[in-house]
1. When you scan region B:123-141, how many residues do you find that are away from chain A (no Cβ under 14 Å) and more than 15 Å from B:ASN18 (Cβ to Cβ)?
2. Take region C:42-65 and flag every residue that is away from every other protein chain (no Cβ under 14 Å) and over 18 Å from C:ARG76 (Cα atoms).
3. Take the conditions in a loop (DSSP other than H, G, I, E, B) and within 25 Å of B:VAL123 (Cα to Cα) and apply them to B:TYR225. Does it pass?
4. Of the residues in region C:26-37, how many are at the interface with another protein chain (Cβ under 10 Å from one of its Cβ atoms) and out of contact with any Gly (no Cβ under 9 Å at 6 or more places or on another chain)?
5. Residues B:LEU42, B:LEU13: which one is of a type in the set (A, V, I, L, M), within 29 Å of B:VAL142 (Cα to Cα) and more than 16 Å from the chain's Cα centre (by Cα)?
6. Filter region C:221-241 down to the residues that are within 15 Å of C:ARG202 (Cβ to Cβ) and part of a helix (DSSP H, G or I) and list them by number.
7. Take the residues of region A:186-216 that are touching a Ser or Thr at 6+ places or on another chain (Cβ under 9 Å) and over 18 Å from A:SER40 (Cα atoms): which is nearest to the other protein chains (Cβ to nearest Cβ)?
8. Name the residue that is surrounded by the most Cβ atoms within 10 Å (Cβ to Cβ), counting only residues in region C:66-77 that are facing another protein chain (nearest Cβ under 8 Å) and of a type in the set (Gly, Ala, Ser).
Amino acid sequence: MIEFRDFSFRYREGDAPVVRDVTLTIPDGCFVGITGAAGSGKSTLTYAVNGIIPHCYPGDFYGAVTVEGMDTVETSLTDLSRAVGSVCQDIDSQMVSSIVEDEVLYGLENFGVPRDEVEARLADALELMGIADLRHRAIDSLSGGQKQKVAVASIIALRPRVLVLDEPTAELDPASSAAVFDLLATYAREHGTTVIVVEQKIALLAEHADMLVIVDGGRVRFAGAPGEVLEHSAELLELGVNCPRSTSLVNRLRASGLYAGPAARDVAEAAAACREVIA
Amino acid sequence: MAGFLEYVPGESLLHRMNPVAKLACALILSVACFCTGNLVFLLGVVVLDLALAASCSMTRQALGLARAVAAFSAVLALIALLTTPEGAVLAPLPWGYVGTGSVLAAVRIIVRLVACAVPLFLVMYVTQMNDLANALVKMAHVPYRYAFTFTSTVHFIPVFMNDMAGIMEAQTARGVEFDGSFAKRLRLMAPLCVPLLVSSVRKTNSAAIAAEVRGFNLRTAASGYKTYPMAARDWAALAACVLVLAAAIALSALGM
Amino acid sequence: MIEFRNVSASYDGELPVLRDVSLTIPDGDFVAFAGTNGAGKSTTMRLINGLLKPTSGEVLLDGVPTTALRTSEVARKVGFLFQNPDRQICQPTVREELLFGFTAVGEGGPDAEACVDAMIEAFGFDADAEPFLLNRGTRQLLALASIIVREPDVVVLDEPTTGLDYRECAKVMEAVGRLNAAGATVVMVCHDMEVVGDYARRVIAMTAGTVVDDGPTFKVLRRPETLRRAHLLPPQVTEVSMLLGADPALAGTAVARADTLDEMAAAVAALASEAARAAARERAALGACAPMGGE
């Protein structure tokens with residue numbers, strides 16, 4: 001379980017807090033999507049979970065953030081990293097190796113995974129991300145989508161209980177973005193891993209997340225099941241968050257009194273809602 | 001195409017040698033080049049370098065490198081030419097003369113630098129940076145921090161070059177023309193260092209954080225999963241290089 | 001006008017990334033190139049502004065092959081917005097950055113300054129701000145502004161909305177839309193199909209260095225064969241419409257043609273009220289019949 005209690009944070013060089021009074025509980029195994037306009041503080045929220053604040057970026061930290069009972073301020077970054085795996089936004093600079101296999105080995109070696117387990121974990125992680133055939137390839141020669149899968153594989157090989165990703169699909173085309181989310185969701189479900197992902201493409205979150213968190217001006221404005229949060233499409237738009245068009249469509253039908261069902265998360269649900277209205 | 005100092009995959013003998021043995025051999029050869037000024041010996045080392053390069057199909061790269069090193073050392077050679085008044089007078093200078101000895105000294109500088117630089121660069125081309133760093137940490141007990149700094153630097157060279165190419169392309173698209181005199185190019189490129197610096201700082205910062213959350217601080221000499229045993233061929237190569245070194249020392253002791 | 005005649009292109013003599021592509025983009029068009037990464041879209045953009053020369057075939061700008069033009073000549077005609085604004089921005093203030101667009105092609109002077117001031121006004125920039133301290137969206141907008149301030153005939157955009165939030169994306173695209181309305185040709189690569197649907201009038205779908213389809217935006221995005229071959233998903237409303245249109249009872253109705261939110265909402269509402277009327281008629285008919293058949 002991850003808990004934010006009255007959490008606020010101001011970067012040392014910043015004037016105003018970037019995150020204010022956030023109280024939020026994320027149950028184990030939950031797939032959480034965080035989104036919001038640029039500068040809303042969504043990335044800072046995840047930095048509090050993986051310990052990048054206050055350990056790498058110092059500042060004023062108010063309230064408390066705990067991951068499985070560990071206070072992220074008091075626990076060292078290294079100890080926290082055993083439980084929380086992080087995939088950073090800039091994957092090119094995250095890579096420490098030139099070969100896929102070495103990249104996945106890196107964390108396993110550092111965290112002292114027993115030698116007889118290493119091979120299985122390595123093969124397993126590559127298999128899970130569908131990149132077993134890339135094992136001996138040079139990272140430079142991979143496409144953006146493949147690199148992203150390598151970055152994720154190098155983290156899931158460590159079997160973290162919590163996985164934090166910062167805009168993992170920013171550089172990817174729609175087909176690769178969907179593939180990365182499908183793999184992540186499947187992995188998390190099968191392993192009971194909690195996933196926290198910051199993402200601009202809300203349609204992907206709507207489809208895959210169990211919980212949607214909308215951040216604005218450093219505050220959590222909405223948090224809940226996507227169906228509930230997406231009912232507020234008009235308010236979300238005001239916060240600079242665009243709903244998937246299927247959601248907007250169904251919300252229009254709801255507003256005009258034609259439809260009374262829940263908000264649509266994807267195209268299939270929107271089509272079903274339309275059929276219901278027409279019939 | 002692989003870039004400057006980037007690993008070129010292969011299965012040659014040099015590729016398969018132990019990384020530390022490779023580096024040690026290259027260093028021994030370099031030292032040998034500085035133990036003697038015998039031109040025949042130095043030329044012999046250059047030939048050996050090229051033979052080694054050919055053995056791992058790296059002749060093109062080796063020749064390119066040799067050319068670059070020769071061009072660079074030409075400046076030093078010119079200074080030597082003008083400041084070493086030795087041998088028969090060829091041309092008088094206000095402060096001395098250029099003699100046959102001066103020419104020899106100049107040639108010696110170029111050949112020596114080429115002979116000693118090529119093996120070192122060759123090591124970069126036939127060794128994965130990771131393997132070299134891990135083997136150095138494991139076998140030579142180099143502190144991991146230094147090894148990591150080194151590998152990251154090498155790792156970032158192509159990234160930065162790529163960045164610079166992207167920046168120049170963006171400016172070309174705006175109509176900046178980078179052809180022309182060297183001075184003009186320099187003047188045009190100077191302001192572009194700002195975006196490059198900004199992106200470099202961002203990248204190195206995020207790289208440091210990414211390494212830290214993957215247990216960088218826990219890593220010890222024993223962490224590496226892969227092992228790098230010394231094979232018979234590694235000992236043989238080392239022995240051969242030591243022989244070359246001994247020959248160089250002998251030549252200089254004999255005053256040849 | 002931009003013309004590609006049997007163009008093939010490759011980098012460093014490796015495998016061709018573009019194979020025998022021919023197409024024509026008339027003045028004032030708004031074209032989006034769609035396809036997966038590696039399909040050859042960015043290469044096509046580079047060919048348009050002469051950063052890359054074709055290995056065979058010709059790329060013509062207003063009838064002149066790009067090989068016969070200096071890059072600065074192309075730059076006067078074609079403005080190019082890169083995906084990463086940080087590669088473009090190189091001046092210490094917003095004003096100087098905008099002015100650099102002119103000085104780079106040797107067109108500085110009072111006229112240029114006037115254009116820059118008008119642009120600062122229009123985009124609401126802080127003229128003395130340091131570009132690298134602005135946020136990502138504003139930097140992207142600045143990069144775009146410094147391209148369009150010279151009013152090029154053609155604007156090429158490589159992923160103009162990547163990494164931007166909804167509001168920033170709308171700002172950038174509205175500026176592009178205004179430019180197109182004023183007569184400029186817009187050519188863009190864009191992965192966000194909603195943006196493509198909202199702004200582009202024509203879509204060219206690419207895969208593996210070839211053009212698979214070319215036509216009006218929604219014609220292309222409604223062809224299942226094109227979508228499959230270029231790995232594309234249509235905009236969501238179009239996809240809903242295609243799903244509904246596959247139902248024989250709804251084929252040919254307005255919902256099967258709707259491509260925008262407004263069209264679809266109206267079409268659904270219309271069908272719903274029609275269905276309600278039909279039901280009422282049926283009830284009325286039943287009601288009229290009831291006494292006869294009743295007890």
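The values are calculated or read from the model by the stated rules, or taken from the named source; none is laboratory data. Treat the numbers as computed from the prediction; the structure is a model and nothing was measured. Methodologically, a virtual Cβ is constructed for each residue, glycine included, from the backbone with ideal geometry; neighbour enumeration extends over all protein chains shown.
1. Looking only at that region, the number is 1.
2. C:THR44, C:PRO54, C:THR55, C:SER56, C:GLY57, C:GLU58
3. yes
4. 2
5. None of the others qualify; the one that does is B:LEU13.
6. Passing the criteria: C:LEU221, C:THR226.
7. Per the criteria, the residue is A:ALA203.
8. Per the criteria, the residue is C:ALA75.
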